[in-house]
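Participant: Below are the structure tokens for one structure; questions will follow.
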Amino acid sequence: MLNKLYLIKKELSGGIFISFIVFCVILLSVSAIITFNILSQNFNSYIANNFASSIPPNEIKVKPGESKSLFLFSTGTGKELSGAAINRISKIPGVKKVDPVMAVTVPTSATIYFFSFQYKTDLIVAGASYKFVESDLKNNEMKKAWLKGSYNFTRPGDTGIPVLVPKTLIDSYNNGLAAANALPEIVPEKMSGLRFKLSFGQSSVNTYEGAYDWSSIVAGYTDKINIMGLIIPLKAAEEINKKFGKTGRYMFALVNVNDHKNFEPVKNQIKNMGFVVETGESLSSEILKLKNTVNAFITMMITLVSVLAIVTTALCSVTAVWGRIDYYRIMRTLGASKFFIALTILIKFALMGFAASWCGIFIIEQLKVHILQSVTIPGVTLTLDISAATIAKVLTAGTLIPVAASLPAIIRMFSAKLDNN
Amino acid sequence: MILSIKNINKSYKVAGEKINVIDNLSLDLEKGEIIAITGRSGCGKTTLLNIITGITKPDNGSISFREKKLKHWSDFSMSRIRNREIGQIFQTFRLLDDETVMTNVMMPARIRGKAGSAVRNYAIEILGKAGIAEYQNTRAGLLSGGQKQRVAIARALVNRPSLILADEPDANLDVETSMEIFSLLEMLKREGKSIIIVTHKEYMLEKADRTYKMEKGSLREL
């Protein structure tokens, strides 16, 4: 074994200059490919964070079927998103979870007090599950209240309802109502704890028998549900509907699929059930087009660099092997088999590729800190992390590419025969 | 019987024309025997040696080594025979010029996977017999032609082969050095090695046990 290692070492030390060129080619290619990968990752996460946050990948927004009527108004001929429908959707193979948002189907209004100013408005109220909005609830106290469906104020017996304010509503208020009426703008982060009054069963249009007021407290804000209304606990929404003899009717549901492979089949099944589905594509097709174009460009660049690396390594390996043909002929006359000679060449190129790839990763890792310190792009948070999976892929490709590229050299060597004197 | 060649043929196609380089050739070699082969350049002497070592495959016929047929189709098997049973000496020496004399001599043992201290001591012993022990750490490329051929002989012997094939070992050497080289080969004969030597030198032909002339792909005993 030691003798075989000695011969492999001899092979490694032969043709140093060409080996150095191959090493540099692999090193540069690996560095370029990792850089392209990082660029791609950063671009995709920028798109995901800034443009595609309303409907994340692997999530389908399901809405009731659209009403089809010849007249301006209809009495709801579209397919209703009921509890039974939600159950059926959650049983579709590939569905991970369903987060329904239930409409409170009774007239509702809110009265808000700003200092001496009182503002009353009709609004929509919807119920959302704890799991769905958990991350938006400001603190543990609010989380407990959401789970329970009501909030206990400090005075004994004084309960209220926790509400989440959609970011869309805050933006509309700040940019519309506040600006038009010279009112102060709302800072979303400071809203938590704000109290106001909600009236259920009563609006400016209609008043139900048994209408009542309920104190409310803002538990935070959310951008998961973009409606022009307020979000209350699902449990509370169900109770309110029940109290006024209304059945549970869902405004929409967000369906999470297990993985991307299940995305299309689940989407089609829900569509076939008569519901309207919205996915990331339908919301921002232009952005997705841009994303696909940039990703295609990056993939093309990675392919180009890889092809150049393969071609260069192949040419170098042919030159290197040809430059050592006398050595191989001598080895062969002394009793080295073709297989052993080929093996030493393959091991040489594999080791060179592995070492060069490792160096490439090491260099990028070292430069990472300096790049992060010196490059600042407004609105973009750069992440230069190379995942373990990427490292494994790069090392494998960096090792296998020179091995594959050295095959023509080996074939050329054997086709030239090793029996010339 | 060390080597038995029966009715081998070898032809090449040159410019679309078939040329018989070896034509129905047979030859037997006993233990401790020296056979000298002479003939004009290009008559097929080197091809015959290459067929014996398995580097070149014959078109047909058979070769037996120690009563066992050689498997020319198996590169692994022929490489093994070449490494362990046959020592080769070439007119161009075929040394690794950038390596030391000792590295060159030990190379067949390295390929065999047995290059321990015993083999190393044997290498020093044969370098001593060849008269170049003091050059063992010198780069082969720095040696004279005669010295290089002695290194080549030492390398051919390191795995203790039973057959030595020498392809014009004296071609590039002066008469005095050639005679020294032949003395070395005679010493190997006394040690029981069988030798096939391709040569044009008269004194070598005279001293061989049997002498053949190669003509039109066949051997004619002189």
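Participant: Would you call B:Asp167 in contact with a helix residue (DSSP H, G or I) (Cβ under 8 Å, 6 or more places away or on another chain), closer than 23 Å to A:Thr333 by Cβ, in contact (Cβ under 8 Å) with a residue 12 or more places away in the chain and among the acidic types (Asp, Glu)?
Facilitator: Values: in contact with a helix residue (DSSP H, G or I) (Cβ under 8 Å, 6 or more places away or on another chain): yes; closer than 23 Å to A:Thr333 by Cβ: yes; in contact (Cβ under 8 Å) with a residue 12 or more places away in the chain: yes; among the acidic types (Asp, Glu): yes.
Spelling it out, B:Asp167 is indeed in contact with a helix residue (DSSP H, G or I) (Cβ under 8 Å, 6 or more places away or on another chain), closer than 23 Å to A:Thr333 by Cβ, in contact (Cβ under 8 Å) with a residue 12 or more places away in the chain and among the acidic types (Asp, Glu).
Participant: As an exercise: evaluate B:Asn172 against (1) under 20 Å from A:Ile330 (Cβ atoms); (2) within 14 Å of chain A (Cβ to nearest Cβ); (3) free of Cβ contacts under 8 Å to residues at least 40 places away in the same chain; (4) surrounded by fewer than 19 Cβ atoms within 10 Å (Cβ to Cβ) and give the number of the one condition it does not meet.
Facilitator: Failing condition for B:Asn172: (3).
Participant: Do you know which of the residues in the stretch B:54-79 that are of a type outside the set (A, V, I, L, M, F, W, C) and at the interface with chain A (Cβ under 7 Å from one of its Cβ atoms) is farthest from B:Asp167 (Cα to Cα)?
Facilitator: Result: B:Asp75.
Participant: Taking the stretch B:62-93, which residues are at pLDDT 90 or above and assigned to a loop (DSSP other than H, G, I, E, B)?
Facilitator: B:Glu85
Participant: Scan (1) buried (at least 19 other Cβ atoms within 10 Å of the Cβ); (2) over 30 Å from B:Cys43 (Cβ atoms); (3) out of contact with any Ser or Thr (no Cβ under 9 Å at 6 or more places or on another chain) for the single condition B:Ala140 breaks and write down its number.
Facilitator: Condition not satisfied by B:Ala140: (3).
Participant: Follow-up. Could you list, in sequence order, the residues of the stretch A:218-228 that are modelled with pLDDT of 85 or more and touching a helix residue (DSSP H, G or I) at 6+ places or on another chain (Cβ under 8 Å)? Break it down stepwise before answering.
Facilitator: So the first thing to find is which residues in the stretch A:218-228 are modelled with pLDDT of 85 or more, and the list is A:218-222.
A:Ala219, A:Gly220, A:Tyr221, A:Thr222, listed by residue number.
Participant: Give, as residue ranges, the helices (runs of 4 or more DSSP H) completely inside the stretch A:137-225 that count at least 1 residues that are farther than 18 Å from A:Leu123 by Cβ.
Facilitator: So the answer is A:140-148, A:178-181.
Participant: More than 14 Å from chain A (Cβ to nearest Cβ), touching a Phe, Trp or Tyr at 6+ places or on another chain (Cβ under 8 Å) and surrounded by 17 or more Cβ atoms within 10 Å (Cβ to Cβ): is that true of B:Ile19 in this structure?
Facilitator: No.
Participant: Do you know which residues across the stretch A:27-80 are at pLDDT below 80, among the β-branched types (Val, Ile, Thr) and touching a strand residue (DSSP E or B) at 6+ places or on another chain (Cβ under 9 Å)?
Facilitator: A:Ile55
Participant: Is it the case that the stretch B:121-137 has a residue that's within 13 Å of chain A (Cβ to nearest Cβ) and modelled with pLDDT of 85 or more?
Facilitator: no
Participant: For the stretch A:286-321, enumerate the residues that are surrounded by fewer than 13 Cβ atoms within 10 Å (Cβ to Cβ) and at pLDDT below 80.
Facilitator: Passing the criteria: A:Glu286, A:Lys289.
The values are calculated or read from the model by the stated rules, or taken from the named source; none is laboratory data. As the structure is a computational prediction, the values presented were derived from the model and not from experiment. Because the Cβ atoms are built from the backbone with ideal geometry, glycine has one as well, and the counts that use them run over all protein chains shown.
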